[in-house]
1. Got a sec? Which of 141, 157 is within 30 Å of residue 387 (Cα to Cα) and open to solvent by 20 Å² or more (accessible area, probe 1.4 Å)?
2. Checking residue 129 against (1) closer than 14 Å to residue 31 by Cβ; (2) within 14 Å of the ligand (Cβ to nearest atom), which test does it fail?
3. Report yes if residue 16 is hydroxyl-bearing (Ser, Thr, Tyr), surrounded by 22 or more Cβ atoms within 10 Å (Cβ to Cβ), assigned to a loop (DSSP other than H, G, I, E, B) and near the ligand (Cβ under 9 Å from one of its atoms), otherwise no.
4. Scan the stretch 165-188 and tell me whether some residue there is in contact with a strand residue (DSSP E or B) (Cβ under 9 Å, 6 or more places away or on another chain), within 15 Å of the ligand (Cβ to nearest atom) and of a type in the set (D, E, K, R).
5. Condition test on residue 409, is it part of a loop (DSSP other than H, G, I, E, B), open to solvent by less than 20 Å² (accessible area, probe 1.4 Å) and touching a residue at least 40 places away in the same chain (Cβ under 8 Å)?
6. Would you check if there is a residue in the stretch 56-79 being open to solvent by 10 Å² or more (accessible area, probe 1.4 Å), closer than 26 Å to residue 157 by Cα and within 19 Å of the chain's Cα centre (by Cα)?
7. As an exercise: evaluate residue 184 against (1) open to solvent by less than 10 Å² (accessible area, probe 1.4 Å); (2) part of a helix (DSSP H, G or I); (3) touching a Phe, Trp or Tyr at 6+ places or on another chain (Cβ under 8 Å) and give the number of the one condition it does not meet.
8. Given the criteria part of a strand (DSSP E or B), within 16 Å of the ligand (Cβ to nearest atom) and surrounded by 16 or more Cβ atoms within 10 Å (Cβ to Cβ), does residue 383 qualify?
Amino acid sequence: MNYDAIIIGAGISGIYQLYRLRQLGMKVRVFEDGSDLGGTWYWNRYPGARFDSESWSYGYSFSEELLKEWDWKEHFSPQPDNLEYLNLVADKFDLRRDMQFDSRVRAAHWDDEASEWTVTLESGQTARARFLFTAIGILSAHTLPNLPGLGSFRGPAHHTARWPHTPVDFTGKRVGIIGTGASAIQAIPEIAKVAKQLIVFQRRPNWAAPLHNAKISKAEMEEIKTRYDEIYARCAGTPGWFIHQPDPRKTFDVPPEEREAFWEKLYGEPGFGIWMANFSDILLDEKANAELSAFIAKKIRSRVKDPKVAEKLIPKNHGFATRRVPLETGYFEAYNRENVLLVDVNETPIERITPNGVRTSEKEHELDILIYATGFDGVTGAFDRIDFRGPGGVKLKDVWMDGPRTYLGQLIDGFPNLLMVLGPHTARGNIPRAIEHSVEWQTGLLRFMRERNYIRVETRPEYVEEWTQIVVKAAERLLSSKVDSWQTGVNRNVEGRTVRRVLGFNGNGVYYRRKTAEVAEGGYREFVFR
Ligand SMILES: Cc1cc2nc3c(=O)[nH]c(=O)nc-3n(C[C@H](O)[C@H](O)[C@H](O)COP(=O)(O)OP(=O)(O)OC[C@H]3O[C@@H](n4cnc5c(N)ncnc54)[C@H](O)[C@@H]3O)c2cc1C
């Protein structure tokens with residue numbers, strides 16, 4: 001089949017890209033690996049899965065009608081509600097009819113003569129289109145632990161990002177969970193409430209801070225609805241496109257008691273304030289960051305009764321906020337429960353998964369259910385799993401061997417008519433805000449081409465080099481660049497993922513907005529059109 005555009009992925013990015021391309025009158029096909037739409041909120045159904053973004057700053061902003069119609073029920077909305085919301089959007093705008101599910105894209109090859117992409121699915125089905133949009137997610141390529149015996153466990157074993165659609169009953173069960181990243185931090189307190197025993201296998205602890213979630217009453221939601229313009233304007237004016245604005249003061253310019261009181265206040269408030277509304281130097285200055293880390297460590301010690309367990313839960317190899325900060329609800333208190341055991345796999349390494357459970361160097365832990373909370377091959381993982389080839393058969397994987405190279409995170413030189421929604425090296429933060437920005441910018445580019453009868457766009461290498469340097473420079477300043485995490489492309493469960501790379505634009509979102517707007521206003525001089 002021939003289309004004007006193919007979109008890979010039916011998450012928040014793919015849904016919105018489809019909506020905008022339809023408005024341009026394009027014939028579009030969306031191919032989605034899952035059996036339905038929703039992306040992150042389709043796949044991640046583990047107990048406790050929810051946003052850390054304020055719900056009312058996370059939803060789409062493009063439709064007044066949608067904003068009026070949808071009521072968020074909680075300030076940090078849980079997965080089932082998020083999925084319901086995305087289904088409502090798809091149904092309201094009749095988007096489903098252009099989506100094809102259970103359709104994993106295996107390859108995308110450029111045909112230079114026809115100026116078209118040929119997309120091949122795992123099933124062998126092929127489709128062609130002039131434009132190809134990737135909407136494949138930065139956290140969609142899940143990874144299993146690299147352990148011997150994987151698959152030998154007799155009971156149910158689930159990755160948090162491939163969770164069953166029917167509820168998993170933990171009542172009276174012995175449950176093991178491998179990993180203590182953001183998903184585990186959400187799931188552990190929930191599972192601990194019902195399991196007979198929960199054994200947490202931890203390799204490296206993560207810093208976490210309280211979410212302070214709350215229900216939204218009908219009256220409160222009505223009031224929020226009157227403020228949407230203000231909320232989105234605020235997000236557009238912050239570095240991370242959240243509602244949180246950094247405090248311009250520097251940590252040591254503030255007297256110790258005042259500093260402590262400020263941190264107490266942030267720790268007691270909902271959302272990412274402790275990370276994003278903190279002093280302006282906490283992500284840049286090691287001493288400032290160490291002071292804040294000591295404050296958070298003190299909090300962990302006060303919340304975990306057993307001092308030995310508390311010490312194990314306090315990260316020693318990176319400072320607070322130098323990795324994406326998971327927000328939690330009763331995570332640390334879960335370890336005060338009789339039925340929760342923390343196993344530090346640095347002390348007693350996992351030797352293998354067995355039919356009965358997990359064997360460490362100390363003993364075999366017998367389990368009824370095993371959970372892999374081992375995360376994702378972040379940002380470029382979903383790209384690496386597709387065989388993208390540009391003119392002359394050049395493989396994207398080879399071009400990005402040492403790290404992604406893009407212009408504005410939107411296009412790649414040598415890969416015509418390939419547009420990335422939320423691609424590597426774009427600004428991210430509060431992700432739907434970044435997605436809307438990206439989709440709208442790309443729609444503008446397509447409109448520009450259409451008005452001039454252009455059929456092919458490619459970015460110039462010198463601008464790719466310029467943007468790559470800007471991205472690398474912005475990252476160099478940050479303490480987070482010196483830390484292994486999915487954000488720096490390190491994942492010890494994936495072969496070859498041991499060297500840090502710069503995967504996102506960590507400069508200011510306000511700068512990114514201005515820069516992209518200038519390119520559009522300047523008539524896209526950074527591109528070659530045909
Ligand atoms: C547990 C969790 C919590 C999160 N919380 C927040 C939060 O609080 N705030 C925030 O801003 N962001 C959060 N995120 C990030 C989240 O991914 C984004 O907010 C948003 O959902 C991204 O939407 P997307 O459409 O770009 O990607 P996704 O939702 O990941 O969708 C990508 C889709 O592409 C499909 N796909 C990938 N490869 C292929 C292929 N080869 N063929 C066919 N289909 C393919 C996938 O199946 C998937 O459905 C969270 C992520 C996770 C995992």
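1. 157
2. (2)
3. When the stated conditions are applied, residue 16 does not pass them.
4. no
5. Criteria met by residue 409.
6. Within the stretch 56-79 (the criterion being open to solvent by 10 Å² or more (accessible area, probe 1.4 Å), closer than 26 Å to residue 157 by Cα and within 19 Å of the chain's Cα centre (by Cα)), the answer is yes, since at least one residue qualifies.
7. Going through (1) open to solvent by less than 10 Å² (accessible area, probe 1.4 Å); (2) part of a helix (DSSP H, G or I); (3) touching a Phe, Trp or Tyr at 6+ places or on another chain (Cβ under 8 Å) one by one, residue 184 breaks only (3).
8. Working: part of a strand (DSSP E or B): no; within 16 Å of the ligand (Cβ to nearest atom): yes; surrounded by 16 or more Cβ atoms within 10 Å (Cβ to Cβ): yes.
No.
The values are calculated or read from the model by the stated rules, or taken from the named source; none is laboratory data. Bear in mind that the values here come from a model prediction, so they are computed numbers and not experimental data. Positions of Cβ are generated from backbone atoms using ideal geometry, with glycine treated the same way; all protein chains shown enter the neighbour counts. Surface accessibility is based on the protein's heavy atoms, side chains included, excluding ligands, DNA and RNA. Shrake-Rupley method; radii C 1.70, N 1.55, O 1.52, S 1.80 Å.
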